Each structure stands twice: as C-alpha cells, then as structure tokens.
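To keep things clear, I will list the structure first and then write my remarks on it.
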Amino acid sequence: MVKKIFFLLSFCAATMSFAQKGGPAVFSVDGDTIWGAEFERVFSKNDKTPDVRPTMDELEDYLNLYVRFKLKVKEAYTLGMDTNEVFIKELAGYRKQLAQPYLTDKTVTDKLIQEAYDRMKIEVEASNLMIHLSPAASPEDTLEAWNRMNRWKELINSGAKTFEEITRDSSSDEHGRKNEGRLGYFSVFNMIYPFETVAYNTPVGQVSAPFRTQFGYHMLKVTNKRATREDIKVAHILIRINNESEYETNKPRIDALYERLKKGEDFGKLVHDFSEDFDTRESGGQLNWIKSLDSHVPVDFREAAYSLKEGAFSKPVKSPLGWHIIKRIEQKPFPELNMVKETIKMKIGRDSRSELNKSAVLKRIQAENKYTVNTQNLNQFVASLADTAMFFNWVPGSFHKSENVLFTIADKKYTCSDFSSFIKSVRQSPSRNPNESMENIVKLLFTSYSDNKNFEYEEGVLESKYDDFKYLMQEYRDGILLFELSNKTVWNKASEDNAGLKAFFEGRREMYIWKDRVVTKSYVCSSKSASKLVKKYLKKDSSDKAILLAVNKEDALGVNIVYKTYEKGQEAKIDKLDWNKKLHKIKDKSTNNTEYVKIEKLIDPTQKELKETLGPVTSDYQKYLEDKWIESLKLKYSVVTFDGALDQLFLNK
C-alpha cells in the first residue's frame, strides 16, 4: 500500500508518546489514534504546494504511506528497541544538536554573523605586547600587571620608548620578544575574539589601550590593514632540488623554461614535458586553491602567486621544494553573506564570541525558570573552605557535605553537597598558582557550575516549552528506530540472503532483459593533426598498436583508444549512429576533440544473468520483502481508517 519513510531528515513525524490531538480521528494502529492535526502537520512538511489544498488522491496516497510508517513504529516499540543502550546514546547525541537553536539568542547570533562577515573582508597586520596572567589571579597581581601595562603605554605615547623596544625587552611572550611581537596578517577567527576585536577597532599606525584576555594583558600595534585576498587557483612548473647546492645547478633549466614561455610556448605543454611535480602534470600543473593566509604554502610562493594578474606567469620563484614558475588561473569572488552564513554560524559556536550568545540566553532562561541563589549559604560555603580545598585529596567539611541549598532552578534544588562533588571532579591537580585567590577560584567554579546547571535544566524541559522541539525529537526517535528495524528486516536481508535473492531472481528472469547492444572501439583524438593521422591509418586498416605508435610519437596524448559496450538508450551519441555502418566520426563540441567510433559487434536482446543486474534485482527484492513485512504487520496489529476524516482536513486552504 505504501512507500517507506524513515530517513532522519525526511521521514514522517510519528508521535507514539506525544499524541498531537485535534481535528478528526484519521486512523488507528492497534488502538493508537492518529488525529487530523498530526496528519496535517506531517503532510505539510512534505507538501511542495503549501498554498494549495491537497487533492483527495494526494491525501489518500499519503494516508497509505503514514499507515505503513505507523505499523513499523508500533513494531519497533513492541520489540523494545527504544530501550537499547546504543539507541539511547545515539538519540542523546541528536538531542544535543537539535537543542542548540533553542539555547541560542537569534538577535545576538545575527549580529555576530554580520560582524564576522564584515571582518572577513579585511586582513589585519599587528604586533602584540603582553603580560601573561591567569584568569584566577589575585587582585594584587592583576593590579600590578594593569599598572605595568599603563606605564608602558605612557612611555610609548610620550615617545620615550617605542612599542618595539618595550616588546623586545619586556614582553612575557618569549616568541614576541624575539621578533618584536610581530604577528603578521590575520583575519576573523584566527585570534581569540577579544584580541580580534581590538585589532579590528584600532586604526593603522596606532597602539591600542591595554586590554585583558584569558591569557593576560595585551597592547596591540596595528601596522596595516588590507582588503582580504580571496582564494586563488594557480598552476606551476616545478624543477625539484634535493639539497641546497642544486638550486644553482638547476637555475639554468628553470631560466630556459621561463624564456620559452616568454616566447609564447604553451604553459600546459611545458608542464607536461618538463615539470617534476608528477601529481599535477596531467592537470596542466594545477594546484589546490591557495588561501591568502595559508601557512602551509611557502611565503615566497604565495606572495608571488598573489602578485600576478589572471593568466600571467611569474619569474622563477625559489621554495623549499625547488624552482617554480607560477601561472595565475583564477580567483574566487568574495562570497555573498547567504553563501557563508552557516559556516560563520558554526565557527561562532566554537569560538569565544559564543559567550555573548550564551550570556544572553542564560539571562533569559534564569528569569524564565526562576533561578535564585542563596547568598548566605554560598558565602558560608566559601568562608569555611580551608586552603586544601583545591587539592585532589580535599575532604569536604560538614557544611560542604550538607543538603543546604545554594541555588534553585524552578522547583529543583542544588545543594552544598552537589557543589562539593563538582569541585572535587574538576580540581584534580595537587598544585596551583600560589597567587590565586581561594575566593576567586571558588566563585569562578560556582559560576561555571550554576551556569551549566541552568542550561542543563533548560535543555531537559524543552519538550514541555516548545511543541516544535517535542515533535522533532519524536521524529528522530522513531526515525532511528525504523532505520535499525528496516535495516534488520529488509536491507540487510536483501543483501545477505543470497539464496533468497537468487530464488527471487529466477522466478522473475523475464523482467531483466538486455536491450539491443553494440560493442564499440573509440579513437579519441586530442588535436587536428592527431585526427588526420588516425583517419589515415584507419583507412589502411592498421592495428591499434601501429596507430598508437605513429600518432603518439610526437604528442603523448594524441590519441586514446577506448573499448566499451553500449545498451540501446544508454548513450545518446551512440544511439544516433547507424549501427549497421562500420565507422563513424563524432565531433565533441565541449572539448573540440574528434572521436572515431568503430562498430565491432551487435548483440541481440538476451536475458541478463544475476551478476549483470544485481543492483536492480536487490532493490526489487527489498521492496518485495518490505511488502511481505507490511502484510505480516497488518495481521499482527489492527488498522482502522475512519470514513470522511480526509474530507475535513486542510479546510483553511
């Protein structure tokens, strides 16, 4: 009666435990009723003409589909597949993903996406002066670092010292001291968000005010900004070197190739004949797309490539691989926002700027779920901690092990005992910075713990807050179950039951017939001169070996011989040929190649062997197995359809 629906993103939205009541009763499976509201919702998800009321034929077809779907769902739950540990773990993973849109703030997300997109257009060159500082550093250490940074800023502003001098002498970044803090060019998402923001907001030639990140205090000097250089495609000719002395030895070779290019010789031809990058010879020397800030590409090679105009080639360029001549082929245009929006969104989710989103959501859900902190108990918890609290062998005191409430979320209470367990789980090291303040550390841990619990609680009540999420989770739950059940009952059986498959095929051999076929031999010529030679040798009825030797003597790619059998209807250009004529000439307009096709043999229609049509037979066998399965399910579970129910659906269209 119906087709299978179970792929995670396309299957119908079944609701075994969340019946969406409303509208007429459409049908029932073993007493579980499917109502009009549910049927309309799942039909609409697959409706290509949402503004037009479905025809009765369309509704009846879908009813058949949905009945089959519900039968399989019922069987999956009857078999207890929803209690399988593997299933539970897999569903939990999907739930995490599906919950994300409900745990983000769309307004904040959209602003961050636009900001990141605007920054994508600019590359910043800057230098960094810093003092390393732990996020949990004591107020005294924090103040000392802050004051030191401001003294440096005053020295720079007064001209008493340069940014480079102070960085070289005093930066706590060892690498920065060696190169005066120079970072080179970077773009959005290359640096942590606060650092990136200061870099983009500081004018060229100026030094920023001191600012703090998770790594400590910084000052940035922005030395340049340029429009983002989009990815480029280049080709190259490579003369390899094995040691330093070979640069000089091979210089005349690369210079000779450069001179030949200047005289107008074909770049691709010289690549084919001389390049020692054997992986790119057949593609005319083409490399993968090069990015402006790609550290994997040697700087000299990259800068030479970006300096070229489209179609131009470079002078010989030296790299660790050897000598190159680079040809610029094309450059990607800067993408429209809609083309990169999802990629930016994904990067934001993994970036520290997501904390802005998290803060906005946290504020909302704390208010919605009535989050309250018992300040008195929290202060007592902190005050009663000994210095050993941060050690792996810390033993909580009586208050820390108590059920005194530290905070509540809705009607759920979180106690001192809960928080103590969290502290022990995250503070496993027996050593810590002696300058870290105990109070600061514990308050940071409390914030982390309570924030996580707020999000954990919210995620746990999404079904009760949002119907869309409730139905989506049920779709995934049933989809995973049906995938596993169908895989076991139909798909694997069809591919593994060799005896059953063979018996199915033998009983239906008349369905699998070869049409008229032709065996061909094609001579594909890559140039006019090759085409003339091939035509000449074909007239002499020369052997293929003789043709290949003669034609490919000067041009290794002059002719290629391809043997192939075609079935009627398989290839339009072959269907157009007179199969009773021995030789045909075909001109390929897309490649400008000439092809001579020889008709070697005609084959009359015959029955196929199983190995010749295994894919279609397996597919048909799967359908057969599924139909038999559905028949058995209808005998196992009663299905009742209610007359007139479909007439009452989609009346608002």
Is the range 376-385 home to any residue that is of a type outside the set (F, W, Y) and within 30 Å of D231 (Cβ to Cβ)?
no
Identify, by number, the condition in (1) free of Cβ contacts under 8 Å to residues at least 60 places away in the same chain; (2) surrounded by 12 or more Cβ atoms within 10 Å (Cβ to Cβ); (3) within 43 Å of the chain's Cα centre (by Cα) that Y476 doesn't meet.
(1)
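Closer than 30 Å to S292 by Cβ, basic (K, R) and outside the structural domain of F422 (by TED's automatic domain parsing): which single residue out of K358, K347, K363 fits that description?
Numbers: K358 fails: closer than 30 Å to S292 by Cβ; K363 fails: closer than 30 Å to S292 by Cβ.
Of the residues listed, the single one that is closer than 30 Å to S292 by Cβ, basic (K, R) and outside the structural domain of F422 (by TED's automatic domain parsing) is K347.
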Residue count, the range 167-190 (criterion: within 18 Å of K225 (Cβ to Cβ), surrounded by fewer than 19 Cβ atoms within 10 Å (Cβ to Cβ) and in contact with a helix residue (DSSP H, G or I) (Cβ under 7 Å, 6 or more places away or on another chain))
1
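For (1) in contact with a strand residue (DSSP E or B) (Cβ under 9 Å, 6 or more places away or on another chain); (2) touching a residue at least 12 places away in the same chain (Cβ under 8 Å); (3) part of a loop (DSSP other than H, G, I, E, B); (4) within 30 Å of E506 (Cβ to Cβ), each residue gets a yes or a no:
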{"site": "K573", "(1), (2), (3), (4)": "yes, yes, no, no"}
{"site": "W579", "(1), (2), (3), (4)": "yes, yes, yes, no"}
{"site": "I586", "(1), (2), (3), (4)": "yes, yes, no, no"}
{"site": "T594", "(1), (2), (3), (4)": "yes, yes, no, no"}
{"site": "V597", "(1), (2), (3), (4)": "yes, yes, no, no"}
{"site": "L602", "(1), (2), (3), (4)": "yes, yes, no, yes"}
{"site": "K611", "(1), (2), (3), (4)": "no, no, no, yes"}
{"site": "D620", "(1), (2), (3), (4)": "no, yes, no, yes"}
Odd one out for K611, checked against (1) farther than 28 Å from S522 by Cα; (2) modelled with pLDDT under 95:
(1)
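Which one is farthest from E58 (Cα to Cα), of the residues in the range 622-648 that are hydrophobic (A, V, I, L, M, F, W, C) and part of a loop (DSSP other than H, G, I, E, B)?
Residues of the range 622-648 hydrophobic (A, V, I, L, M, F, W, C): 625, 629-630, 633, 635, 639-640, 642, 645-646.
Still in the running and part of a loop (DSSP other than H, G, I, E, B): 642, 645.
On the way: F642: 17, A645: 14 Å.
Going through the qualifying residues, I end up with F642.
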If you go through the range 270-307 one residue at a time, how many are assigned to a loop (DSSP other than H, G, I, E, B) and in contact with a Ser or Thr (Cβ under 7 Å, 6 or more places away or on another chain)?
5
Test V108 against the criterion of being of a type in the set (A, V, I, L, M, F, W, C), free of Cβ contacts under 8 Å to residues at least 60 places away in the same chain and surrounded by fewer than 19 Cβ atoms within 10 Å (Cβ to Cβ), and give yes or no.
no
Pull out all pairs, ordered by first then second residue, where Cβ-Cβ is under 8 Å, the residues are six or more apart or on different chains, the first lies in the range 165-188 and is assigned by TED's automatic domain parsing to the domain that holds V222 and at positive phi, and the second is assigned to a loop (DSSP other than H, G, I, E, B) and buried (at least 19 other Cβ atoms within 10 Å of the Cβ).
G181/S171
Meets criteria (in contact (Cβ under 8 Å) with a residue 60 or more places away in the chain, touching a Phe, Trp or Tyr at 6+ places or on another chain (Cβ under 6 Å) and within 18 Å of K111 (Cα to Cα)) for K347
yes
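From the list K564, K608, K623, which residue is closer than 30 Å to L501 by Cβ and surrounded by 15 or more Cβ atoms within 10 Å (Cβ to Cβ)? It would help to see each step written out before you state the result.
Numbers: K564 fails: surrounded by 15 or more Cβ atoms within 10 Å (Cβ to Cβ); K623 fails: surrounded by 15 or more Cβ atoms within 10 Å (Cβ to Cβ).
Checking each option against the conditions leaves just K608.
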What helices (runs of 4 or more DSSP H) lie completely within the range 97-195 and have 3 or more residues being of a type outside the set (S, T, Y) and closer than 30 Å to F334 by Cα?
106-120
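Take L143 and decide whether it is under 26 Å from I441 (Cβ atoms), surrounded by fewer than 20 Cβ atoms within 10 Å (Cβ to Cβ) and free of Cβ contacts under 8 Å to residues at least 24 places away in the same chain.
In short, yes.
So is G569 in a loop (DSSP other than H, G, I, E, B), out of contact with any Cys (no Cβ under 6 Å at 6 or more places or on another chain), outside the structural domain of K536 (by TED's automatic domain parsing) and in contact (Cβ under 8 Å) with a residue 40 or more places away in the chain or not?
no
Which residues, counting only those in the range 492-543, are within 30 Å of Q622 (Cα to Cα), in a helix (DSSP H, G or I), in contact (Cβ under 8 Å) with a residue 60 or more places away in the chain and of a type in the set (A, V, I, L, M)?
To start, the set of residues in the range 492-543 that are within 30 Å of Q622 (Cα to Cα) comprises 492-517.
Within this subset, residues satisfying the condition of being in a helix (DSSP H, G or I) are 492-496, 498-506, 509-511.
This time we only want the ones that are in contact (Cβ under 8 Å) with a residue 60 or more places away in the chain, so: 493-495, 500-502, 504-505, 509-511.
Within the range 492-543, A494, L501, M511 meet the criteria.
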Would it be correct to say that T197 is within 16 Å of S208 (Cβ to Cβ) and without any contact (Cβ under 8 Å) to a residue 24 or more places away in the chain?
yes
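Within the bounds of the range 543-555, is there any residue that is among the small types (G, A, S) and either out of contact with any helix residue (DSSP H, G or I) (no Cβ under 9 Å at 6 or more places or on another chain) or surrounded by fewer than 14 Cβ atoms within 10 Å (Cβ to Cβ) (or both)?
Our first condition is that a residue be among the small types (G, A, S); within the range 543-555, this holds for 543, 546, 550.
Checking which are either out of contact with any helix residue (DSSP H, G or I) (no Cβ under 9 Å at 6 or more places or on another chain) or surrounded by fewer than 14 Cβ atoms within 10 Å (Cβ to Cβ) (or both) leaves us with 543, 546.
Among the residues of the range 543-555, at least one is among the small types (G, A, S) and either out of contact with any helix residue (DSSP H, G or I) (no Cβ under 9 Å at 6 or more places or on another chain) or surrounded by fewer than 14 Cβ atoms within 10 Å (Cβ to Cβ) (or both), which makes the answer yes.
The values are calculated or read from the model by the stated rules, or taken from the named source; none is laboratory data. No experiment lies behind these values; they were computed from the predicted model shown. Note that each Cβ is placed from the backbone with ideal geometry, even for glycine, and that neighbours are counted across all protein chains shown.
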